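Read the structure below first, then the notes.
The values are calculated or read from the model by the stated rules, or taken from the named source; none is laboratory data. Just so it is clear, the structure is predicted and the values come from calculations on it, not from any experiment. Positions of Cβ are backbone-derived with ideal geometry, glycine not excepted, and every protein chain shown enters the neighbour counts.
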Amino acid sequence: MELIPTSIPDVVIINPDVFRDERGYFLESFNIEKFRSMGIETRFLQDNESLSQKGVLRGLHFQREPWAQGKLVRVIQGAVLDIAVDIRRSSATFGKWVSIPLNSENKWFCWIPAGFAHGFVTLEDNTLFSYKCTNLYNKASEGSIRWNDPQINVEWGITDPSLSGKDSIAPLLSEVEVLFP
């Protein structure tokens, strides 16, 4: 496994070792010892999976303390543009975002620690997306930020995505009261 830094130091790409032959491929999707050796000390409590058609945008979502979640995300089938937005008020990169192309060809993972809003837009039909989460989901702690907030100005590469009702009316970053210190 290789760790690839992004423009926000706490968000990293993990390039797994992929063993291919005429039968297909094999990869290790998680190994606690390898993650620890790369400086990612965590434990996962919940796995999630979503299937989406091309043009679906999910996000930008986060969980407030004490239910904040770090996420290890990857695409099993298809392709997404994955986005992480720093919502830690004391961070030098507060309000900044990073985008990572995740797809079934590059097989990259993205580690997004707690304190970030997360979202993605699907680039292909039948995209299967997997999340490993460091905490359990808690409805009372969920939060979201509008996908097209002009203060953040994420470059999604799409102007008219398919959104959930909740995502279409999410507040702007400036309207979200409880973020991370």
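Brief remarks follow.
- Every test in (1) over 16 Å from the mean Cα position of the chain (by Cα); (2) within 30 Å of ALA92 (Cα to Cα); (3) free of Cβ contacts under 8 Å to residues at least 12 places away in the same chain is passed by GLY24 save one, and that test is (2).
- Reported count of residues in segment 131-141, each being closer than 24 Å to ILE40 by Cβ and either surrounded by fewer than 17 Cβ atoms within 10 Å (Cβ to Cβ) or not polar (S, T, N, Q) (or both), is 6.
- For segment 125-170, a residue qualifies if it is within 23 Å of ASN48 (Cβ to Cβ), of a type outside the set (A, V, I, L, M, F, W, C) and either touching a helix residue (DSSP H, G or I) at 6+ places or on another chain (Cβ under 6 Å) or part of a loop (DSSP other than H, G, I, E, B) (or both), and the qualifying residues are ASP125, ASN126, THR134, ASN135, TYR137, ASN138, ARG146, PRO161, SER164.
- Only listed residue being touching an Asp or Glu at 6+ places or on another chain (Cβ under 8 Å) and under 27 Å from SER164 (Cβ atoms), chosen from GLN53, GLN46: GLN53
- GLU49 among the acidic types (Asp, Glu) and more than 16 Å from the chain's Cα centre (by Cα): no
- Candidates in segment 26-69 are the residues that are of a type outside the set (D, E, K, R), under 15 Å from ALA84 (Cβ atoms) and out of contact with any Cys (no Cβ under 7 Å at 6 or more places or on another chain); of these, the one that is modelled with the lowest pLDDT is ILE40.
- For segment 86-129, the set of residues classified as of a type in the set (D, E, K, R) and either crowded, with 19+ Cβ neighbours inside 10 Å or within 26 Å of TRP67 (Cα to Cα) (or both) consists of ASP86, ARG88, ARG89, LYS96, listed by residue number.
- Taking the criterion of being of a type in the set (Gly, Ala, Ser) and modelled with pLDDT under 95, the only residue of segment 70-90 that qualifies is SER90.
- Test: residue in segment 79-95 that is closer than 20 Å to PHE44 by Cβ and either among the polar types (S, T, N, Q) or more than 14 Å from the chain's Cα centre (by Cα) (or both): no
- Scan of segment 57-84 for residues that are of a type in the set (D, E, K, R), closer than 24 Å to GLY39 by Cα and touching a residue at least 60 places away in the same chain (Cβ under 8 Å), ordered by number: ARG64, GLU65, LYS71
- The residue that is surrounded by the most Cβ atoms within 10 Å (Cβ to Cβ), counting only those in segment 33-64 that are closer than 18 Å to PRO5 by Cα and charged (D, E, K, R), is LYS34.
- Residue in segment 159-166 that is within 18 Å of ASP86 (Cα to Cα) and surrounded by 13 or more Cβ atoms within 10 Å (Cβ to Cβ) present: no
- Yes/no for ASP82 being of a type in the set (Asp, Glu), on the phi < 0 side of the Ramachandran plot and out of contact with any strand residue (DSSP E or B) (no Cβ under 8 Å at 6 or more places or on another chain): no
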